[in-house]
Amino acid sequence: MTIKWKIALVEDDRRLARAVATGLGEEGYTVRAVESAGRGLDLVRQWNPDVVLLDLMLPDNEGPELFEAFRAETDAALVGISARSSVSDRIAGLKMGADDYLTKPFALEELMARVEAVIRRHRGKGGSKLTSGDVVVDLSEGRARRDDRQLSLTGIEFRVLAALMRSSGQLVTYAQLAEAVWAVTTGPESNSLEVHISRIRQKLEQEGGSRLIHTVRGLGYRFSPE
């Protein structure tokens, strides 16, 4: 089962951003790119990425302090991208919350290796588990359980459940589910998605379990343990 890790790219060099987004997309990652610190902070709050690639010289803010601002908003792995290559800059960034630091110019292959490495490290820190109420989704193992009961989910069902739990308590629209699960913005017809949701509900609610996935008619779904 392939988990489509979400990467937020905060980079004002459009040519570089396109190259990075294309390369990571070809490797199976889901990438969203923005061009300023302000929009980057909005993106991590709303989208909950797994990795943030952060340029440290943005038009509205710059410097290692950016790591501190982003770390206050997200538990995602933070990888700095900067033309500043001094040891003092790298140390300052790491002290302010960076997980890794890459200096420009860099090879795309090296960036991908760094991304894979920080994802592995975050898995090891337990960041690969989503927990809401009595449901636990282990992203690194591709398994889900409710209480002590293992859930037998298909690959699509697993990704749908994980996408809903990432935004537990909040509305997840049809388009957001499509992007998280199928890496497209249009996705399947809503009735096809309803079939997957119905099957997940049946598996979650065996043995009298309460309903956790709620339909917001015409908009999408909300996962809520209450």
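Relative contact order of the range 1-106: what whole-number percent is it, with Cα pairs under 8 angstrom and at least 6 residues apart? Intermediate results must be reported in sequence, preceding the final value.
Details: 181 pairs, mean separation 25.8, N = 106.
Dividing the mean separation by the residue count of the range 1-106 yields 24 percent.
Below 8 Å between Cα atoms, with a sequence gap of 6+, how large is the relative contact order for the chain in percent? Before the final figure, lay out each step's value.
Values: 346 pairs, mean separation 30.9, N = 226.
With pairs under 8 Å counted, the relative contact order is 14 percent.
Can you match Rg/Rh (Cα atoms, Kirkwood Rh) to one of these, [x] 0.94; [y] 1.00; [z] 1.05, based on a calculation from the structure here?
Read-out from the structure maps to [y].
In terms of modelled amide H atoms, which long-range or inter-chain residues lie less than 5 Å from the amide H of Lys129?
The list, which skips near neighbours in sequence, is Leu139.
Going by a ≥ b ≥ c, the root eigenvalues of the Cα gyration tensor, does the range 6-127 fall in the rounded group (a/c under 1.5), the prolate group (a/b larger than b/c) or the oblate group?
Rounded, since a/c falls under 1.5.
So between Ile91 and Glu141, what do we pick up on full extension, going 0.36 nm a residue minus the alpha carbon distance? Intermediate values should be presented prior to the final figure.
On the way: separation 50, 0.36 × 50 = 18.00 nm, distance 3.33 nm.
Using 0.36 nm per residue and subtracting the Cα-Cα distance, I get 14.7 nm.
Assuming 0.36 nm per residue, please report the length gained on full extension of the stretch Glu62 to Arg14 beyond their Cα-Cα distance.
Net length gain for the segment: 15.6 nm.
With θ set to phi - 60° and the Karplus curve 6.51 cos²θ - 1.76 cosθ + 1.60, what are the ³J(HN,Hα) couplings of the range 214-223 in order, to the nearest whole Hz, using x for Gly and Pro?
10, 7, 9, 3, x, 10, x, 9, 9, 8
Give the order of Leu111, Leu56 when sorted by the count of other beta carbons within 10 angstrom, beginning with the fewest.
Numbers: Leu111 19, Leu56 24.
Ranking Leu111, Leu56 by Cβ neighbours within 10 Å, fewest first, gives Leu111, Leu56.
With a 10 Å Cβ neighbour count serving as the proxy for reagent exposure, in which order, fewest first, do Trp47, Trp5 appear? Walk me through the intermediate numbers first.
On the way: Trp47 18, Trp5 21.
Ranked by crowding around the Cβ, least crowded first: Trp47, Trp5.
Got a sec to turn the phi values of the range 30-38 into Karplus ³J(HN,Hα) couplings, 6.51 cos²θ - 1.76 cosθ + 1.60 with θ = phi - 60°, whole Hz, x for Gly and Pro?
Computed from phi, the couplings for the range 30-38 are 9, 10, 10, 10, 9, 10, 8, 4, x Hz.
Readers should treat all values here as calculations from the given coordinates under stated rules, not as data from a laboratory. Model, not experiment: these values are computed from the prediction. FYI the Cβ positions are ideal-geometry reconstructions off the backbone, even for glycines, and counts take in every protein chain you see.
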